[in-house]
Amino acid sequence: MASNKKVITIPYHPRPFQKRLHNSLRRFNVVVAHRRFGKTWFALSEMIDRAFRNPLRNPQYAYIAPNYGQAKRVAWDILKDFLKVFGKSVEFFERELRADVTLGDKRYRFILMSAENPDAARGMYLDGAVLDEFADQPKEMWTKIVRPMLSDRNGWVIFISTPKGRNAFWEVYDYAKNQMLEDPNSSWFCALYTIEDTKILPEEEIAQLKKDMLDEEFRQEYMCDFDVALANAIYSKEIAQAHEEGRITNVPYDQNVPVSLSFDIGMDDATAVWFWQIAGKEIHFIDYYETQGKGFPEIVKDLKAYPYVYDFVYLPHDAKVRELGTGLSRLESFENLNLVKRGNVIVVDKVDPIDGIHLVKKIFNKFWFDERRCYKGLDLLKMYQREFDPMKGVYKKQPKHDKSSHAADSLRYFAVAYYRHLRTIRQEDRILEVETDYDIWSV
């Protein structure tokens, strides 16, 4: 008896390694791939193939890019090219970046979305999703938005990206890798493809790329190295040296030594906090906290849940400014919450950011970081970079303000406090002298 199934061929011709990858995918998939891998072509073709094999009514899929411009510029034309084989059965909605294919009484919907405003996607159901260039997306796009959208229809996901440090993309890749090691039949799958694995570029072109790019850039973009610092990262050398010297490791909390906190306070931005202890001439960063959209009462409640005994809190220089709504300064508001005893909440001096960065660099060789608890803060420090001046083609001295700024500013406030306010620290009736050969207040 003849089959009623119709074969539909889209204009996609996968390379051999892409064929193998298509055949290996499971429900939750993480693909680390080099530049020019064909990530978007691969992911959209997989989405379309799974869609038209889906027996559920009116399946719905999302391709999510870091921003609207990238979704439209990179994926929209490819999606339309793939779906035009359906002729009059497909309808494209340019403004919404949406395509609907109607076959009989069944509708297949494909939506291109942006991670710029995650909450805008709430309320939808999804049978599948692609998170393209997830290294440039917030972790919450997956944990709070996409994951719940997949639950009622047992949907699938593909994270696919080139690395950009140990951020949320590295986390989900590492998680998938561990799941596969623990259970070969896990619903998680991961794969990593360097240019040496795919060999899609001629050797002469690879050799030329190595000449034209910085070593760090080539290793990140084509060798998928998660541990390469950005070429213009402000603390790249200091962090690399800390790794080499074993100062990013397990740094236990010493219960005999109080913990102090340095804050960068965000109103519309994030609030970042470094937790640290003084151990002789070493500075131990034992934890990192970051949140957004919370007021002081909620933040203090979170901090009290940690198993630490706090000594001092250091706030930014503008914490003495009174707010119109309450008539209180942030300093007064914080003191009223009793995280530390009154008088131990200190506002650091105002210092030019360039001088503060220089001071951090001067004492970075004293820093020890707990690898597990401080990984998010460290990843943000790795991304902290100088602003680029496109007119002059050079990097400015001033740092770029982005999501990495809060961790970096909190660390900078620590450095100012360490030098200015902690030149002598009483700890168990001992005086610890803070040593530095750099005086930002000298004339």
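Summary of values
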{"item": "The range 32-59 - residue that is touching a helix residue (DSSP H, G or I) at 6+ places or on another chain (Cβ under 7 Å) and aliphatic (A, V, I, L, M) and, of those, surrounded by the fewest Cβ atoms within 10 Å (Cβ to Cβ)", "result": "56"}
{"item": "Matching residues in the range 335-388 - criterion: being of a type in the set (Phe, Trp, Tyr), crowded, with 21+ Cβ neighbours inside 10 Å and farther than 18 Å from residue 253 by Cα", "result": "384"}
{"item": "Filter result (buried (at least 22 other Cβ atoms within 10 Å of the Cβ), of a type in the set (Ser, Thr, Tyr) and in a helix (DSSP H, G or I)) within the range 145-194", "result": "173"}
{"item": "Among the residues listed as 182, 221, 171, the single one being within 18 Å of the chain's Cα centre (by Cα), within 28 Å of residue 138 (Cα to Cα) and free of Cβ contacts under 8 Å to residues at least 40 places away in the same chain", "result": "171"}
{"item": "Odd one out for residue 291 among (1) over 24 Å from residue 361 (Cβ atoms); (2) part of a loop (DSSP other than H, G, I, E, B)", "result": "(2)"}
{"item": "Flag for residue 257 being in contact with a Phe, Trp or Tyr (Cβ under 9 Å, 6 or more places away or on another chain) and among the β-branched types (Val, Ile, Thr)", "result": "no"}
{"item": "Some residue of the range 117-126 being of a type outside the set (Phe, Trp, Tyr), within 19 Å of residue 55 (Cβ to Cβ) and within 29 Å of the chain's Cα centre (by Cα)", "result": "yes"}
{"item": "Every residue from the range 195-208 that is free of Cβ contacts under 8 Å to residues at least 12 places away in the same chain and either outside any helix (DSSP H, G or I) or not aliphatic (A, V, I, L, M) (or both)", "result": "199, 202, 203, 204, 205, 208"}
{"item": "Condition check for residue 202: more than 26 Å from residue 362 (Cα to Cα) and loosely packed, with under 14 Cβ neighbours inside 10 Å", "result": "yes"}
{"item": "Test: residue in the range 237-260 that is assigned to a strand (DSSP E or B) and within 19 Å of residue 401 (Cα to Cα)", "result": "no"}
{"item": "Count of residues meeting criterion [on the phi > 0 side of the Ramachandran plot and touching a residue at least 24 places away in the same chain (Cβ under 8 Å)] in the range 64-123", "result": "1"}
{"item": "Residue satisfying all of: in the range 246-266; among the hydroxyl-bearing types (Ser, Thr, Tyr) and more than 15 Å from residue 312 (Cα to Cα); surrounded by the fewest Cβ atoms within 10 Å (Cβ to Cβ) among these", "result": "249"}
{"item": "Checklist (1) in contact with a helix residue (DSSP H, G or I) (Cβ under 6 Å, 6 or more places away or on another chain); (2) at pLDDT 95 or above applied to residue 10, failing item", "result": "(2)"}
{"item": "Residue 7 vs. criteria outside the structural domain of residue 168 (by TED's automatic domain parsing) and either of a type in the set (A, V, I, L, M) or part of a strand (DSSP E or B) (or both)", "result": "yes"}
{"item": "Leading residue by the ranking (farthest from the chain's Cα centre (by Cα)) among those in the range 282-300 that are buried (at least 19 other Cβ atoms within 10 Å of the Cβ) and not hydrophobic (A, V, I, L, M, F, W, C)", "result": "284"}
{"item": "Failed condition for residue 229, given (1) modelled with pLDDT under 95; (2) surrounded by fewer than 20 Cβ atoms within 10 Å (Cβ to Cβ); (3) not assigned by TED's automatic domain parsing to the domain that holds residue 402", "result": "(2)"}
{"item": "Filtered residues of the range 212-229 (kept if more than 13 Å from residue 35 (Cβ to Cβ), not in a helix (DSSP H, G or I) and not aliphatic (A, V, I, L, M))", "result": "226, 227"}
{"item": "Qualifying residue in the range 19-37 (condition: on the phi > 0 side of the Ramachandran plot and at pLDDT 95 or above)", "result": "no"}
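The rows are residues; the columns are (1) aliphatic (A, V, I, L, M); (2) surrounded by fewer than 15 Cβ atoms within 10 Å (Cβ to Cβ); (3) outside the structural domain of residue 52 (by TED's automatic domain parsing).
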{"residue": "68", "(1), (2), (3)": "no, no, no"}
{"residue": "74", "(1), (2), (3)": "yes, no, no"}
{"residue": "83", "(1), (2), (3)": "yes, no, no"}
{"residue": "87", "(1), (2), (3)": "no, yes, no"}
{"residue": "99", "(1), (2), (3)": "yes, no, no"}
{"residue": "116", "(1), (2), (3)": "no, no, no"}
{"residue": "120", "(1), (2), (3)": "yes, yes, no"}
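So that you can scan it fast, the table gives a plain yes or no per residue for (1) basic (Lys, Arg); (2) at pLDDT 95 or above:
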residue: 95; (1), (2): yes, no
residue: 106; (1), (2): yes, yes
residue: 110; (1), (2): no, yes
residue: 117; (1), (2): no, no
residue: 120; (1), (2): no, no
residue: 131; (1), (2): no, yes
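Rundown of residues vs (1) among the polar types (S, T, N, Q); (2) closer than 30 Å to residue 163 by Cβ; (3) over 27 Å from the mean Cα position of the chain (by Cα); (4) not in a helix (DSSP H, G or I), yes/no style:
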{"residue": "312", "(1), (2), (3), (4)": "no, no, yes, yes"}
{"residue": "341", "(1), (2), (3), (4)": "no, no, yes, yes"}
{"residue": "346", "(1), (2), (3), (4)": "no, no, yes, yes"}
{"residue": "350", "(1), (2), (3), (4)": "no, no, yes, yes"}
{"residue": "359", "(1), (2), (3), (4)": "no, no, no, no"}
{"residue": "363", "(1), (2), (3), (4)": "no, yes, no, no"}
{"residue": "381", "(1), (2), (3), (4)": "no, yes, no, no"}
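The values are calculated or read from the model by the stated rules, or taken from the named source; none is laboratory data. As the structure is a prediction and not an experimental result, all values here were calculated from the model. Glycine also receives a Cβ, built like all others from the backbone with ideal geometry; neighbour counts cover every protein chain displayed.
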